[in-house]
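Trainee: Pasting in a structure now, in structure tokens, and then I'll have a few things to ask.
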Amino acid sequence: MERKDFLKGLGLVGLGSLAIPIISSCGSDEDSSSTDSSATDNTEATDTGSSSGSSGCSVTATETAGPFPTKTPSSLVKSDITSDRTGVPLTINITIKNKNASCVALEGALVDIWHCDKDGYYSEYGGTGMQSADFTSVHFLRGRQTTNANGLVSFTSVFPGWYSGRATHIHVHIYNSSGTSLLVTQIAFPEGSGSAVVLVNASTANGYTKGMSGYTYNANDNVFSDGVSTEMSTVTGSVATGFVLTHTINVAA
């Protein structure tokens, strides 16, 4: 049984999924050593994903918020969420659209995002078996923005690393302007041989020391394994100049 299906059975998907499941190691059927050793920092990502985000006008897939959801998101209103974290720069552009209005841009929505640092660690948690490094007193790589007239929010961050059992990802929780939860989801990254994921994880000069050995690909990820058609982002750029992630999320507002 997939982890996501297990969580759904317990009613823990979305905001209610504050119970902390065990992140287990998950192998990959793909070549874990597929880092392109000939790539340089100026190499542009070639496997960039799909700019369509949510295909058609269907609501983006719901995913679990756990095991490291933001504890008090309303206190983290900011566009630069980097804090003291280092790594390859990443600009995150997310557009929110309303499925109930023919997928027009949704203005005034509250968008919370959070993700791990280059070493796979989350702020606000730690000192346990889930995460040995203790970052319970800091709030890096978490933030909230309100969508503009084009339904857009933008964040300045660093490229996420990865940890055992999960592909590279970003968590997103969307509320309407009154604070009512509309959707909890996650953003997937393209993983081909020329992808940003491969280029970044080869960048030891920027502190990404794990490479791709032991990486869990989307197809085997315990959240994304049932498909990422509504969760796949577009990621362009290079290690030298930084990357830009673009993604559209459809909600029923």
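Trainee: For T246, work out the one condition from (1) surrounded by fewer than 23 Cβ atoms within 10 Å (Cβ to Cβ); (2) β-branched (V, I, T); (3) in contact with a His (Cβ under 7 Å, 6 or more places away or on another chain) it doesn't fulfil.
Mentor: Of the numbered conditions (1) surrounded by fewer than 23 Cβ atoms within 10 Å (Cβ to Cβ); (2) β-branched (V, I, T); (3) in contact with a His (Cβ under 7 Å, 6 or more places away or on another chain), the odd one out for T246 is (3).
Trainee: Within segment 159-169, can you find the residues that are among the polar types (S, T, N, Q) and crowded, with 19+ Cβ neighbours inside 10 Å?
Mentor: Within segment 159-169, T168 is the sole residue that qualifies.
Trainee: Exactly one of these conditions fails for G108: (1) over 18 Å from the mean Cα position of the chain (by Cα); (2) under 21 Å from G161 (Cα atoms). Give me its number.
Mentor: Going through the list (1) over 18 Å from the mean Cα position of the chain (by Cα); (2) under 21 Å from G161 (Cα atoms), G108 breaks only (2).
Trainee: If you go through segment 201-242 one residue at a time, how many are in contact with a helix residue (DSSP H, G or I) (Cβ under 6 Å, 6 or more places away or on another chain), surrounded by fewer than 23 Cβ atoms within 10 Å (Cβ to Cβ) and closer than 15 Å to P89 by Cβ?
Mentor: 1
Trainee: Name the strands (runs of 3 or more DSSP E) wholly within segment 156-253 that hold at least 3 residues that are of a type in the set (V, I, T) and out of contact with any Gly (no Cβ under 9 Å at 6 or more places or on another chain)?
Mentor: Details: elements: 169-175, 181-188, 234-238, 242-251.
Filter on segment 156-253 gives 169-175.
Trainee: Report yes if some residue within segment 140-154 is under 16 Å from the mean Cα position of the chain (by Cα) and assigned to a loop (DSSP other than H, G, I, E, B); otherwise report no.
Mentor: yes
Trainee: Here's another thing I want to ask about it. Does T156 satisfy being surrounded by fewer than 18 Cβ atoms within 10 Å (Cβ to Cβ), closer than 27 Å to T43 by Cβ and without any contact (Cβ under 8 Å) to a residue 24 or more places away in the chain? Reasoning before the result, please.
Mentor: Numbers: surrounded by fewer than 18 Cβ atoms within 10 Å (Cβ to Cβ): yes; closer than 27 Å to T43 by Cβ: yes; without any contact (Cβ under 8 Å) to a residue 24 or more places away in the chain: no.
Judged against the criteria, T156 is not a match.
Trainee: Inspect segment 109-118 for any residue being assigned to a loop (DSSP other than H, G, I, E, B), crowded, with 16+ Cβ neighbours inside 10 Å and touching a residue at least 60 places away in the same chain (Cβ under 8 Å) and give the result as yes or no.
Mentor: Scanning segment 109-118, I find at least one residue that is assigned to a loop (DSSP other than H, G, I, E, B), crowded, with 16+ Cβ neighbours inside 10 Å and touching a residue at least 60 places away in the same chain (Cβ under 8 Å), so the answer is yes.
Trainee: Go through segment 50-63 residue by residue and tally those that are surrounded by 22 or more Cβ atoms within 10 Å (Cβ to Cβ), at negative phi and modelled with pLDDT under 95.
Mentor: Here the count works out to 1.
Trainee: Further question on the same structure: Given T128, T91, T136, T72, which one is surrounded by fewer than 19 Cβ atoms within 10 Å (Cβ to Cβ) and touching a Gly at 6+ places or on another chain (Cβ under 6 Å)?
Mentor: Just one listed residue meets the conditions, T136.
Trainee: Same structure, new question: Name every residue in segment 170-202 that is farther than 19 Å from G49 by Cβ and more than 17 Å from the chain's Cα centre (by Cα), in order of residue number. Write out each step before concluding.
Mentor: Looking only at segment 170-202, we keep the residues that are farther than 19 Å from G49 by Cβ, and these are 173-184.
Within segment 170-202, Y175, N176, S177, S178, G179, T180, S181, L182 qualify.
Trainee: Determine the pairs where a residue that is without any contact (Cβ under 8 Å) to a residue 24 or more places away in the chain and more than 19 Å from L90 (Cα to Cα), located within segment 129-147, has a partner that is surrounded by fewer than 21 Cβ atoms within 10 Å (Cβ to Cβ) and among the acidic types (D, E) with Cβ atoms under 8 Å apart, the partner being 6 or more residues away or on another chain.
Mentor: A133/D119; F135/E124; T136/E124
Trainee: For the structure I just gave you, tell me whether T86 is touching a helix residue (DSSP H, G or I) at 6+ places or on another chain (Cβ under 7 Å), among the polar types (S, T, N, Q) and under 26 Å from A196 (Cβ atoms).
Mentor: no
Trainee: Being under 21 Å from G143 (Cα atoms) and out of contact with any Phe, Trp or Tyr (no Cβ under 7 Å at 6 or more places or on another chain) narrows it down to one residue among S178, S233; which is it?
Mentor: S178
The values are calculated or read from the model by the stated rules, or taken from the named source; none is laboratory data. Quick caveat, the model's predicted, so the values are computed rather than measured. Quick reminder, even Gly has a Cβ in these numbers, built from the backbone with ideal geometry, and neighbours come from all protein chains shown.
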